[in-house]
Amino acid sequence: MTQRLILIAAASTAALALAGCGSTIEQKAATGAVAGAVVAGPVGAAVGGAAGTAVGQASKPN
């Protein structure tokens, strides 16, 4: 259980860190999804894609 929690935390951190890569929202979402998939499989891809989209939306000029 603890090992799984550490893996999920590491996947989330990696997805958030790599979600900032790219210049468009789509690129950020794709980068986050790939990073999440590498670390945690399909669930990580979903989390990474969502994180990339959130980062992209937050950095979008008004």
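Listed by first and then second residue, the pairs with beta-carbon distance under 9 Å, at least 6 apart or on different chains, first residue in segment 43-58 and within 9 Å of A30 (Cα to Cα), second basic (K, R), are G52/K28; T53/K28. For V38, state whether it is in contact with a helix residue (DSSP H, G or I) (Cβ under 9 Å, 6 or more places away or on another chain) and open to solvent by 90 Å² or more (accessible area, probe 1.4 Å). For V38, the condition - in contact with a helix residue (DSSP H, G or I) (Cβ under 9 Å, 6 or more places away or on another chain) and open to solvent by 90 Å² or more (accessible area, probe 1.4 Å) - is met.
Would you be able to tell me the number of residues in segment 13-35 that are among the polar types (S, T, N, Q), in contact with a Leu (Cβ under 8 Å, 6 or more places away or on another chain) and either open to solvent by 50 Å² or more (accessible area, probe 1.4 Å) or not in a helix (DSSP H, G or I) (or both)? Of the residues in that region, 0 qualify.
Take the conditions (1) at negative phi; (2) surrounded by fewer than 17 Cβ atoms within 10 Å (Cβ to Cβ); (3) without any contact (Cβ under 8 Å) to a residue 12 or more places away in the chain; A10 misses just one of them, which is (3).
The values are calculated or read from the model by the stated rules, or taken from the named source; none is laboratory data. Just so you know, these numbers come straight off a predicted model, no measurement behind them. When we count neighbours, we look across all protein chains shown, and the Cβ atoms used for this are built from the backbone with ideal geometry, even at glycine. Side chains are part of the model used for accessible areas, which takes the heavy atoms of the whole protein and leaves out ligands, DNA and RNA. Shrake-Rupley method; radii C 1.70, N 1.55, O 1.52, S 1.80 Å.
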